[in-house]
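Peer 1: Input: one structure, supplied below.
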Amino acid sequence: MTNTALVALESTVFCHGLPAPTNLEVAFALERIVRKAGAEPRTIGIVDGEPIAGLTEEQIRMLASDAQVQKVSLRDLPVVVARRRNGATTVATTMWIAHRSGIRVFSTGGIGGVHRTISPSTAGTFDISADLEALATLPMVVVCSGAKSILDLPATREVLETKGVTVVGYQTDEMPAFFSPTSGLPVDARCDTPADVADVARARRELGLPGAVLVTVPVPKEAGIPNAELEPVIETALRDAEKKRLQHAEVTPFLLARVSQLTGQRSLRANVALLENNARIAAEIAVALAR
């Protein structure tokens, strides 16, 4: 192993994405998985206004137990730093801090994207995650299980194409849909090994192209939820969000929580399984890149 085989991990996963005590168990498990695969983890967060690429165990425990910890997207970052607050970093913010720290590979669960319309009053408007702009501008390898299932997946895929992000399917020919291993949406290329991904990432860098290689990995088969089962659940959650007249930043946390309620423990098991699988694959890619 070389010192450059580093894998960034985000803090929003264990601060806002998973219930206690599973959140801490997963945070530490992901770091162990990365190390076992031959790389070094760098969990990213903000402590007392300082962006940190490599939180200590104590810092991870502190952020995970702070009910008031802020979810920090890029627009929030200067405010949180200036006011010396604690923060959990989103995909976009984790990518920015990781890139600034010289880390080339980032493992997460699902990226943000284009939100679905939840009511007639929002038809024709677009709520688009800052994750997509980060993917378009920051030259990293991002390992995920596609975009979150609650999003407008065809529109998200179209934006990725428009922004010039190279979407790779890891041992698959179509982009996974987070909890589900399939979406019906094509990838730009299939890669079957970490070395294949590393070759694509090197070529993109040598060409001087901005933006990321997005490596999409299907959720492990035994933990996945088929689209046919998941879509009615998402539709129910969307109707519930409409009844509550939720807007913008309120929508995603509500939908994720509601889908979790409606699927019982299945979505939690799928989330944990894909996070762990992605961390292992990201570490293997980081080692291949470091060779």
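Peer 1: Looking at the range 45-52, is at least one residue buried (at least 16 other Cβ atoms within 10 Å of the Cβ), under 23 Å from S145 (Cβ atoms) and of a type in the set (A, V, I, L, M, F, W, C)?
Peer 2: No - not one qualifying residue is present in the range 45-52.
Peer 1: What are the pairs, 6+ residues apart or on separate chains, where a residue within the range 1-12 that is modelled with pLDDT of 95 or more and surrounded by fewer than 24 Cβ atoms within 10 Å (Cβ to Cβ) has its Cβ under 7 Å from a residue that is outside any strand (DSSP E or B) and of a type in the set (A, V, I, L, M, F, W, C)?
Peer 2: A5/A39; A5/A286; A5/V287; A5/A290
Peer 1: Just give me the residues in the range 13-40 being crowded, with 24+ Cβ neighbours inside 10 Å, under 18 Å from E284 (Cα atoms) and touching a Leu at 6+ places or on another chain (Cβ under 7 Å), in sequence order.
Peer 2: L30, A39
For every residue, the table says whether it meets (1) crowded, with 24+ Cβ neighbours inside 10 Å; (2) out of contact with any helix residue (DSSP H, G or I) (no Cβ under 7 Å at 6 or more places or on another chain).
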{"site": "N86", "(1), (2)": "no, no"}
{"site": "T90", "(1), (2)": "yes, no"}
{"site": "G102", "(1), (2)": "no, yes"}
{"site": "A134", "(1), (2)": "yes, no"}
{"site": "T156", "(1), (2)": "yes, yes"}
{"site": "E161", "(1), (2)": "no, yes"}
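Peer 1: State the number of residues belonging to the range 152-174 that are within 22 Å of A286 (Cβ to Cβ) and in a strand (DSSP E or B).
Peer 2: Selection size over the range 152-174: 5.
Peer 1: Going through the range 163-196 one residue at a time, which ones are farther than 30 Å from R258 by Cβ and not charged (D, E, K, R)?
Peer 2: G164, T166, V168, Q171, A189, C191, T193, P194, A195
Peer 1: Only one of these is touching a helix residue (DSSP H, G or I) at 6+ places or on another chain (Cβ under 8 Å), surrounded by 14 or more Cβ atoms within 10 Å (Cβ to Cβ) and not in a strand (DSSP E or B): E242, E284. Name it.
Peer 2: Being touching a helix residue (DSSP H, G or I) at 6+ places or on another chain (Cβ under 8 Å), surrounded by 14 or more Cβ atoms within 10 Å (Cβ to Cβ) and not in a strand (DSSP E or B) holds for just one of E242, E284, which is E284.
Peer 1: Right, something else. What are the pairs, 6+ residues apart or on separate chains, where a residue within the range 250-261 that is among the β-branched types (V, I, T) has its Cβ under 7 Å from a residue that is assigned to a helix (DSSP H, G or I)?
Peer 2: V251/A241; V259/V233; V259/I234; V259/A237; V259/S267
Peer 1: Still on this model: Going through the range 46-64 one residue at a time, which ones are small (G, A, S) and either in contact with a Phe, Trp or Tyr (Cβ under 9 Å, 6 or more places away or on another chain) or without any contact (Cβ under 8 Å) to a residue 12 or more places away in the chain (or both)?
Peer 2: A64
Peer 1: So, one more: Considering only residues that are more than 23 Å from L268 (Cα to Cα) and assigned to a loop (DSSP other than H, G, I, E, B), which ones fall in the range 175-201?
Peer 2: V187, D188, D192, T193
Peer 1: So, restricting to helices (runs of 4 or more DSSP H) that lie completely within the range 47-109, which ones have at least 1 residues that are farther than 19 Å from L6 by Cα?
Peer 2: Output list reads 57-65, 77-82.
Peer 1: Moving on. Which condition does L256 not pass, out of (1) surrounded by fewer than 18 Cβ atoms within 10 Å (Cβ to Cβ); (2) of a type outside the set (G, A, S); (3) within 29 Å of Q171 (Cα to Cα), if it passes all the others?
Peer 2: (1)
Peer 1: Test of understanding: among M175, M140, which residue is among the aliphatic types (A, V, I, L, M), under 30 Å from R35 (Cα atoms) and out of contact with any His (no Cβ under 8 Å at 6 or more places or on another chain)?
Peer 2: Exactly one of M175, M140 is among the aliphatic types (A, V, I, L, M), under 30 Å from R35 (Cα atoms) and out of contact with any His (no Cβ under 8 Å at 6 or more places or on another chain), namely M175.
The values are calculated or read from the model by the stated rules, or taken from the named source; none is laboratory data. Model, not experiment: these values are computed from the prediction. Backbone-built Cβ (ideal geometry, glycine too); neighbour counts: all protein chains shown.
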